[in-house]
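This is the structure I have questions about; it appears just below.
Bear in mind these aren't lab numbers, they're just calculated from the coordinates by the rules spelled out. Computed from a prediction, not measured in an experiment: that's the story for all the values here. Cβ placement follows ideal geometry from the backbone for every residue including glycine, while neighbour counts extend to all protein chains displayed.
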């Protein structure tokens, strides 16, 4: 899939230009044909309109079937010569215009962008990642690996070309992520989550504020370079804030004091065969699981699922929940499993994957 650029040269504009040029040339060609038909009809009134039209057609196309209307006077010859010169020029312009759009790829580019716009409009409950740096690319790659639909928003075509080589067919929207139009084109009104990872904290603040205005319900996770700016980003609408430097410091300490735990998590994340992840599912009020005990949920049918903890709607955590525990509405299940089995668990419990604001 190519990138989609909503803010400049939209496909409707290109399509209107194609129509304008082709319709203009076509109208001139029709006018020349009418003039030729009327002219030959006047040269030979006995020829009739059909023969006059046929004479015009073979004259413009230089087919040369023979003279349907006798051209035996200087006036008739001059008229025919002018018709050939003008008509051939108009006909060649009409044909070359259509051919140029096809050969130069403009027509295919128009319809390709139209298809991209249609594909973006079909996305629902997807994740949008704003940025083209390493953190944004890693986030988009991780979402792809766990089979979550993702759209990447970058600021220019050069960045789109670069990340395209790293991410493959991830949909890309090119535009300023601080603009409402760019985020709306990426499907923010239908999105489940937004990752904000632009170049500066100031831009992260503006993107977060803009996104919260467009979609009050979307879950927003923003990157922050300076931890002192964390409060500002939270105030303008972010649900969570992540500092790569802070996380990096914790990771280095973990490598020193708990290396086996870190190795286990790394192996889990990098294993392409198992593709295990720590996931979470929220149990809505409409779930048939509400009121049941954990032993009755049928978790044994999914041996690859390991239930680790639960979090109630009031924020209470329960680690290694007992099998006689009761499922309540709003309960969040924390578990380890593959993306495939995670989806099976969602279907079995009537739950929903976490991608919207939850109780804090």
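Residues of the range 169-198 with the amide nitrogen closer than 15 Å to a label point 7 Å from the Cα of residue 225, along Cα-to-Cβ, please.
Zone members listed by number: 197-198.
Given the range 200-255 reduced to its alpha-carbon atoms as identical point scatterers, what log10 I(q)/I(0) does the Debye formula return at q = 0.26 Å⁻¹?
Debye curve over Cα of the range 200-255, log10 I(q)/I(0) at q = 0.26 Å⁻¹: -0.94.
What nm value, rounded to one decimal, do you get for the distance between residue 251 and residue 85 when each label is placed 7 Å out toward the C-beta?
Between residue 251 and residue 85, the simple spin-label model gives 7.5 nm.
Specify the angular offset, from 0 to 90 degrees and rounded to the nearest 10, of the alpha carbon long axis of helix 339-349 from the longest principal axis of the alpha carbons in the chain.
For 339-349 against the chain, the angle is about 70 degrees.
Work out how much length residue 309 to residue 266 would gain on full extension: take 0.36 nm times their residue separation and subtract the Cα-Cα distance, in nm to one decimal. Don't skip to the end; give the middle numbers.
Values: separation 43, 0.36 × 43 = 15.48 nm, distance 2.05 nm.
Once the chain is fully extended between residue 309 and residue 266, it gains 13.4 nm.
Just the number, please: percent antiparallel of the DSSP beta bridges in the chain, rounded to the nearest 5.
45 percent
Using a 7 Å offset from the Cα along the Cα-to-Cβ direction at both residue 319 and residue 202, what is the distance between the two label points in nm, to one decimal?
Once both label points are built, they end up 4.4 nm from each other.
Based on the mean of other Cβ atoms within 10 Å per residue, sort peptides 175-187, 248-260 so the most packed one is first. All intermediate terms of the calculation are to be shown ahead of the outcome.
On the way: 175-187: 20.2, 248-260: 10.3.
The densest-packed peptide leads the list: 175-187, 248-260.
Another question, then. Compute the relative contact order of the range 124-247 as a whole-number percentage, counting only Cα pairs closer than 8 Å that sit 6 or more residues apart in sequence. Working shown, then result.
Numbers: 241 pairs, mean separation 29.5, N = 124.
About 24 percent, as a whole number.
With Rg and the Kirkwood Rh both taken from Cα atoms, where does Rg over Rh land for the range 124-247? Can you show the working numbers first?
On the way: Rg = 13.0 Å, Rh = 14.0 Å.
Result: Rg/Rh = 0.93.
Still on this model: Restricting to bridges with both residues inside the range 124-247, how much of the DSSP beta-bridge set is antiparallel, in percent to the nearest 5? Could the numbers behind the result be given before it?
Working: 0 of 18 bridges.
Around 0 percent antiparallel, to the nearest 5.
Turning to a different aspect of this structure: Just report the Cα centroid separation between the range 24-52 and the range 184-261, whole Å.
Measuring centre to centre over Cα atoms gives 70 Å.
Per residue, how much space in cubic angstrom lies within the convex hull of the C-alpha atoms of the chain?
Per residue, the Cα convex hull of the chain comes to 208 Å³.
How far apart, in nanometres, would the label points at residue 142 and residue 240 be if each is projected 7 angstrom from Cα along the Cα-to-Cβ direction?
Reported label-point gap for residue 142 and residue 240 is 0.8 nm.
Quick one: angle between helix 106-122 and the longest Cα principal axis of the chain, in degrees between 0 and 90, rounded to 10, please.
Helix 106-122 and the main axis of the chain meet at about 30 degrees.
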